[in-house]
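Visitor: Provided herewith is a single structure, encoded as structure tokens, for subsequent inquiry.
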Amino acid sequence: MNTIEEYRGFLKGDLWGEWADLDRDQKKDIPAPPLQKPYPADATLLELVPPEKFSLGRAPLIEVISQRKSERNFLPEPLTLEELSFLLWVTQGVRGNSGRHRTVPSAGARHPFETYLIVNKVNDVEPGLYRYLPLDHTLLFLRADPKFPEKVTAACREQAFCGDSAVVFIWTAIPYRTEWRYSIIAHKMIAIDSGHVCQNLYLACGSIRAGTCGIGAYDHTKIDALLGVDGKEEFTVYLAPVGRVA
């Protein structure tokens, strides 16, 4: 069994010197995997407020950063559809037409994440499980379940504020999107990329009188089953409940 010191190699940059010689699928002219999972033609889609119509998020950056903290006490007040649209765009929104240029950086512009939402309290949005479609800036409705608040709390190791939130952001990774370009270096890149996404969520929440708390303590099997992902080619890497705060 590896020692804790040996696992630290994941954080180092030693492999970059060998990267050019790695047997990568990109070098084999294998087409890049898509940057968004497909969905059925008859899927139920919810239109979001487009970025050009946002009327919020104007707080001075220095104020938002100086007040940034993890919030675990949420008010019962719901979020608005515009606020949810804003938070989704800020964390994975597309700039331009290629889908590769977004509001967060990603190694090689590979964007390995899918954003799932457990919506509990958002005006004009039916409670349930959704997936954000960044290339379309819409929400894909997956299913409803009145026990979602209880189930997500249990999956987050009984952290009750998860079920009390207005919405839970759940990011899965599809590793091959990044592996296609970076091979064995990809997993460090994915870990770094997840921090970019969640920090954008923190700052955006701070600009709209909302709060969040990044969660790494969760039961992997339970969360993946809740989302309906296979746990191998796609699996949960990070969660963040969001709600209104005083």
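Bear in mind that the values in this text are calculations on the coordinates, not laboratory data. Every value quoted in this text rests on a predicted model; they were computed, and no experiment measured them. With ideal geometry, Cβ positions are generated from the backbone for all residues, glycine too; neighbour counts draw on all protein chains shown.
Visitor: Residue 67 to residue 135: extension gain in nm, 0.36 nm per residue of separation minus the Cα-Cα distance?
Guide: 21.3 nm
Visitor: Report the label-to-label distance for residue 11 and residue 196 in nanometres (one decimal), using points 7 Å from each Cα along the Cα→Cβ vector.
Guide: 2.1
Visitor: Here's something else I'd like to know. Under 15 Å from a point placed 7 Å out from the Cα of residue 232 along the Cα-to-Cβ direction: which residues of the stretch 171-212 have their backbone N that close?
Guide: Those under the cut-off are 175-176.
Visitor: Give a residue-ordered list of calculated ³J(HN,Hα) values for the stretch 106-120 (Karplus: 6.51 cos²θ - 1.76 cosθ + 1.60, θ = phi - 60°; whole Hz; x for Gly, Pro).
Guide: Residue by residue, the stretch 106-120 yields 8, 4, x, 6, 8, 6, x, 9, 10, 9, 9, 10, 9, 8, 10 Hz.
Visitor: Percent of Cα-Cα pairs per 5 Å bin, from 0 to the last occupied bin, for the stretch 58-244, please list those.
Guide: 1, 8, 17, 21, 22, 17, 9, 4, 0
Visitor: For the pair residue 97/residue 144, report the inter-label distance in nm, with labels modelled 7 Å from Cα in the Cβ direction.
Guide: 3.9
Visitor: Rank the residues 179, 63 as a footprinting-exposure proxy: fewest other Cβ atoms within 10 Å of their Cβ go first.
Guide: With the fewest neighbours first, 179, 63 line up as 63, 179.
Visitor: Sticking with this one: Which order do 224, 21, 219 fall in if you start with the one that has the fewest other Cβ atoms within 10 Å?
Guide: 21, 219, 224
Visitor: Is the C-alpha gyration tensor of the stretch 112-194 telling us rounded, prolate or oblate? Criteria: a/c under 1.5 is rounded; beyond that, a/b larger than b/c is prolate, otherwise oblate.
Guide: oblate
Visitor: Still on this structure, I have one more. What residue among 68, 58, 143 has the largest mean-square fluctuation in a Gaussian network model of the chain, using Cα springs under 10 Å?
Guide: In the Gaussian network model the winner is 58.
Visitor: How would you rank 145, 42, going from fewest to most other Cβ atoms within 10 Å of each one's own Cβ?
Guide: Sorted ascending by nearby Cβ count, the order is 42, 145.
Visitor: Too long at a 19 Å Cα-Cα cut-off: which of 121/222; 147/222; 12/232?
Guide: Check vs 19 Å cut-off fails for 121/222; 12/232.
Visitor: Here's something else I'd like to know. Could you tell me which of rounded, prolate or oblate describes the stretch 1-115, using a ≥ b ≥ c as the square roots of the eigenvalues of the alpha-carbon gyration tensor, with rounded for a/c under 1.5 and, failing that, prolate when a/b is larger than b/c and oblate otherwise?
Guide: Here the stretch 1-115 falls in the oblate category.
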